[in-house]
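The values are calculated or read from the model by the stated rules, or taken from the named source; none is laboratory data. Model, not experiment: these values are computed from the prediction. Here the Cβ positions follow ideal geometry from the backbone for every residue, glycine too, while neighbour counts run over all protein chains shown. For the accessible areas, the whole protein counts, side chains as well, though only heavy atoms, and no ligand, DNA or RNA atoms are used. Shrake-Rupley method; radii C 1.70, N 1.55, O 1.52, S 1.80 Å.
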Amino acid sequence: MAATLEDGTLHPSFGMPETLDPETGLPAETQHESLIGEVLSPKQADRAPTLTTLGDTPFEHVPEDDNVEHHKIVATEIIADPVAPHAPEPILQNSIILLQPRIAECKTLIECAKQRGLFVTCVNTTHYDGTNVNFYPTAEALLEIGVHQVYEPPVGQKFSVVECANHLKTIESQQNLRFLGVIPLREMAVDYSDILAAMLGLTVHNDLGLASNRRDKALMKSAVAAAGLRVAKYARLTHPKGEDVRAAIEELELDFPVVVKTPRGMATQDVYICHTLEEATERSSQIVRSIGPDGTKANFSLLEEFLAGQEFAVNVIASPTTYKGVQVTDIWEYSKKFEDGSMVNTWQSLVDCHSPKYSALVRYAEGICRAVGVKYGFAHVELMSTYSDEKERFIDPVMVEVGARLAGGRKAIMAEKVVPGWY
């Protein structure tokens, strides 16, 4: 008589002599697919997860005159050598990295981090001596305002982005941190921020292939022009005595005044408005032979046409989740005066970035950010534009420069005070 599911649920070792396996110490009859179980009735088996197969059971000795058509097994896994229970993954604390912070902006970002429960790690690229601590804060000064920890390079050594990344990866593992992003807080930090983020394994960083275009003002203009946006006429000058100034002015067909500046400056340092050939020659020679504001040898100066019109600063935040990838947050109108050969900013006023009056500035600034590869975080675009009485708006904007960082001059702090909900 054939055995079927109607006759009962078969047990792996039912009716067979027990033989122990020398390796596991378990009955050899139970080794088939590592399953054991009790003899159950069909109704009992139906109330539990089971394995049903066709054909003869491999577990039970079946008389030659019997034929088992089906068997059903309620399974239990055999573990000969139990292992330690599964250890859950540690809960990670989200953290941001502030690169080369200044006290004013750092305080604002710390408050924003607190609202989001973020751990704040700062990176100083050198050991500061406490002089002008608000602009060059020591590690102690940063800890006093609420920073959780500060990385500084070894004493007597220059900053290495590779060594810094190695150190941060170590503390990320030891402290159960999860770094979410690197935020540069001054122009020199733009050199390292995206490289550091990439070395930490982050994907939220700007285009590495355009990193130099976000810092070198000549390469910056090249990238913007390649995107079809207007830029000022310019030339690189390399002669240590400025003897290439005259030929460059003639080739570019420039009229005086002209602008001569360092290619990697910030805050209008080493930017000169020159009204004569002699003055332009002297300033170019001075820049080529000296150390730039960022502490590196300039090697060349940048000659540019003088742009007429009104100067603006357009602040932008970039993210793939925003419309068009970038979004203008605020626009500032500069008021400058000529002083000691340079244009000095005396005051600035916030204007309505949603007004049609400034729509050309918004579109142009967004295009610049895309051209130089700004995809995440903050950017600060300085540009010139002229006002059209006929159109009642500013037209023909042209870039002065772009900084892939949070705007300086406490603009973020001032914006927070005057724009409801801005932080």
Could you grab me the full set of residues in region 385-407 that are open to solvent by 10 Å² or more (accessible area, probe 1.4 Å), at pLDDT below 95, out of contact with any Pro (no Cβ under 9 Å at 6 or more places or on another chain) and not charged (D, E, K, R)? Val400
Sole exception among (1) under 19 Å from the mean Cα position of the chain (by Cα); (2) closer than 21 Å to Gly408 by Cβ for Tyr151, by number: (2)
Just one of the numbered conditions (1) modelled with pLDDT of 75 or more; (2) open to solvent by 30 Å² or more (accessible area, probe 1.4 Å) is not true of Gly421; which one? (1)
Condition broken by Ala225, with the remaining ones in (1) part of a helix (DSSP H, G or I); (2) of a type in the set (Gly, Ala, Ser); (3) in contact (Cβ under 8 Å) with a residue 24 or more places away in the chain satisfied: (3)
Report whether or not Ala379 is farther than 20 Å from Ser335 by Cα and at pLDDT below 95. yes
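Could you go through region 147-159 and let me know if any residue there is assigned to a helix (DSSP H, G or I) and open to solvent by 10 Å² or more (accessible area, probe 1.4 Å). Talk me through it step by step, then tell me what you get.
Taking region 147-159 first, the residues assigned to a helix (DSSP H, G or I) are none.
The answer is no; no qualifying residue exists.
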Scanning region 198-207 for residues that are out of contact with any strand residue (DSSP E or B) (no Cβ under 7 Å at 6 or more places or on another chain) and farther than 16 Å from Pro320 by Cβ, the one most open to solvent (accessible area, probe 1.4 Å) turns out to be Met199
Please indicate, with yes or no, whether at least one residue in region 341-349 is open to solvent by less than 20 Å² (accessible area, probe 1.4 Å), within 21 Å of Ala404 (Cα to Cα) and either of a type outside the set (Lys, Arg) or touching a residue at least 40 places away in the same chain (Cβ under 8 Å) (or both). no
Tell me whether region 165-176 contains one or more residues that are over 29 Å from Glu89 (Cα atoms) and either of a type outside the set (Phe, Trp, Tyr) or touching a helix residue (DSSP H, G or I) at 6+ places or on another chain (Cβ under 7 Å) (or both). no
Within region 112-121, how many residues turn out to be open to solvent by less than 100 Å² (accessible area, probe 1.4 Å), on the phi < 0 side of the Ramachandran plot and outside any strand (DSSP E or B)? 3
Kindly indicate which of Gly309, Gly325 is open to solvent by less than 60 Å² (accessible area, probe 1.4 Å) and farther than 27 Å from Ile273 by Cα. Gly325
For residues that are among the β-branched types (Val, Ile, Thr) and in a strand (DSSP E or B), scanning just region 235-270, find the one that is surrounded by the fewest Cβ atoms within 10 Å (Cβ to Cβ). Val259
Against the condition aliphatic (A, V, I, L, M) and at pLDDT 95 or above, how does Ala225 come out, does it pass? yes
Quick check on my filter: what residues within region 127-158 are closer than 24 Å to Met199 by Cα, out of contact with any helix residue (DSSP H, G or I) (no Cβ under 8 Å at 6 or more places or on another chain) and at pLDDT 90 or above? Ala139, His148
Quick check: anything in region 289-296 open to solvent by less than 60 Å² (accessible area, probe 1.4 Å) and aliphatic (A, V, I, L, M)? no
In region 364-384, is there at least one residue being open to solvent by 20 Å² or more (accessible area, probe 1.4 Å), charged (D, E, K, R) and farther than 30 Å from Leu180 by Cα? no
Got a sec? Which of Ile317, Ile331 is open to solvent by 60 Å² or more (accessible area, probe 1.4 Å) and aliphatic (A, V, I, L, M)? Ile317
Checking the condition of a type in the set (A, V, I, L, M, F, W, C) and under 35 Å from the mean Cα position of the chain (by Cα), which residue from Ala318, Ala280 passes? Ala318
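Looking at the structure I just gave you, is Leu210 open to solvent by less than 60 Å² (accessible area, probe 1.4 Å), closer than 28 Å to Gly373 by Cα and more than 13 Å from the chain's Cα centre (by Cα)? It would help to see each step written out before you state the result.
Values: open to solvent by less than 60 Å² (accessible area, probe 1.4 Å): yes; closer than 28 Å to Gly373 by Cα: yes; more than 13 Å from the chain's Cα centre (by Cα): yes.
It is true that Leu210 is open to solvent by less than 60 Å² (accessible area, probe 1.4 Å), closer than 28 Å to Gly373 by Cα and more than 13 Å from the chain's Cα centre (by Cα).
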